[in-house]
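The values are calculated or read from the model by the stated rules, or taken from the named source; none is laboratory data. These numbers come from a predicted model, not from an experiment. FYI the Cβ positions are ideal-geometry reconstructions off the backbone, even for glycines, and counts take in every protein chain you see.
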Amino acid sequence: MLNSLKGLLVTLVSTMKGLREPVTRQYPDSGTVFGHEDKPTPVKDRFMGFPALTWDENVNEPFCTSCMVCIRQCPTQCMSSVMKDNPLHAEGKSDRRKIVDTFEINLNRCILCGICVEVCNFDAIVMSHEHEMSAFTRNAVRVDLPELLEIGHKFQRETGWIPPTQRAKAQAAQSAQKGGEAKADTAAAGTEPQ
Ligand code: SF4
Ligand code: SF4
């Protein structure tokens, strides 16, 4: 009898929890059975939305040098770009000799594979959280450089994005420091009197 009541209680608690925080939802509605919430559908940190370009806050310019690597590797050939000489390099303010002049992605053809992000050596492109860009006409969602930078900038702000190469360097320095400390501990233990 007691065990049956316990089982019933577990079922009731999980049902109430499911009503308050549903695991699935009717897209694009957000909210619960207790009320509609007028806010975008939340996504998880690891969610891969449309690709977007990142902004280098230190130099105040895009990270992208328009090197064409991502464009050559894109399986659907939906990207194009043109580079130009970087005026900030001439002024001694930037290390980038070349910089992106124009960039376009035809998001209708993008399959969100993330290859462009994998192959970029300059931290210049991310899979953003943007996913609500549907349109009624074919080829309507072609995004240009300003729009790609705007989506990327929003993603950087909202996620506290750190350039992957910087993050890798910080992690390597941390591991080196830990390794040094461990060696010092071992050496100190070896010199202690028995
Ligand atoms: S996003 Fe990266 S790989 Fe693509 S053109 Fe720009 S710098 Fe090159
Ligand atoms: S996510 Fe894949 S398909 Fe989309 S632009 Fe990047 S490489 Fe191309």
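Surrounded by 10 or more Cβ atoms within 10 Å (Cβ to Cβ) and farther than 28 Å from Tyr27 by Cα: is that true of Glu181 in this structure?
Spelling it out, Glu181 is indeed surrounded by 10 or more Cβ atoms within 10 Å (Cβ to Cβ) and farther than 28 Å from Tyr27 by Cα.
Check whether at least one residue in the stretch 17-27 is in contact (Cβ under 8 Å) with a residue 40 or more places away in the chain and surrounded by 11 or more Cβ atoms within 10 Å (Cβ to Cβ), and report yes or no.
There is no residue in the stretch 17-27 that is in contact (Cβ under 8 Å) with a residue 40 or more places away in the chain and surrounded by 11 or more Cβ atoms within 10 Å (Cβ to Cβ).
Please verify whether the stretch 56-64 includes one or more residues that are at pLDDT 75 or above and in contact with a Pro (Cβ under 9 Å, 6 or more places away or on another chain).
Yes.
Restricting the first residue to the stretch 89-108 and requiring it to be under 24 Å from Ala140 (Cβ atoms), which pairs with a second residue that is at pLDDT 95 or above and aromatic (Phe, Trp, Tyr) meet a Cβ separation below 8 Å and a spacing of at least six or different chains?
Short answer, once both residue conditions are applied: Ile105/Phe50; Leu107/Phe50.
Would you say Arg109 is modelled with pLDDT under 95, charged (D, E, K, R) and within 11 Å of ligand 2 (Cβ to nearest atom)?
Values: modelled with pLDDT under 95: yes; charged (D, E, K, R): yes; within 11 Å of ligand 2 (Cβ to nearest atom): yes.
For Arg109, the condition - modelled with pLDDT under 95, charged (D, E, K, R) and within 11 Å of ligand 2 (Cβ to nearest atom) - is met.
Does any residue of the stretch 63-71 turn out to be more than 20 Å from His153 (Cα to Cα), outside any loop (DSSP other than H, G, I, E, B) and within 14 Å of ligand 1 (Cβ to nearest atom)?
Within the stretch 63-71 (the criterion being more than 20 Å from His153 (Cα to Cα), outside any loop (DSSP other than H, G, I, E, B) and within 14 Å of ligand 1 (Cβ to nearest atom)), the answer is yes, since at least one residue qualifies.
Can you name the number of the only condition in (1) in the same structural domain as Ala124 (by TED's automatic domain parsing); (2) under 21 Å from the mean Cα position of the chain (by Cα) that Asp45 fails?
(1) is the only condition that Asp45 fails.
Out of Thr41, Thr15, report the one residue that is more than 25 Å from Glu130 (Cβ to Cβ), at pLDDT below 95 and away from ligand 1 (no atom under 16 Å from the Cβ).
Residue meeting the stated conditions: Thr15.
Which of (1) in contact with a Leu (Cβ under 9 Å, 6 or more places away or on another chain); (2) away from ligand 2 (no atom under 11 Å from the Cβ); (3) touching a residue at least 40 places away in the same chain (Cβ under 8 Å); (4) of a type outside the set (A, V, I, L, M) is the odd one out, the single condition Thr65 does not satisfy?
(1)
Test Ile151 against the stated conditions and say whether it is within 12 Å of the chain's Cα centre (by Cα) and farther than 16 Å from Val69 by Cβ. Steps first, please.
On the way: within 12 Å of the chain's Cα centre (by Cα): yes; farther than 16 Å from Val69 by Cβ: yes.
When the stated conditions are applied, Ile151 passes them.
Just name the residue that is nearest to Thr41 (Cα to Cα) out of those in the stretch 97-148 that are over 19 Å from the mean Cα position of the chain (by Cα) and among the small types (Gly, Ala, Ser).
It comes out as Ser134.
This table checks each residue for (1) in a helix (DSSP H, G or I); (2) exposed (fewer than 12 other Cβ atoms within 10 Å of the Cβ).
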{"site": "Met83", "(1), (2)": "no, no"}
{"site": "Ile99", "(1), (2)": "no, no"}
{"site": "Asn121", "(1), (2)": "no, yes"}
{"site": "Glu150", "(1), (2)": "yes, no"}
{"site": "Phe155", "(1), (2)": "yes, no"}
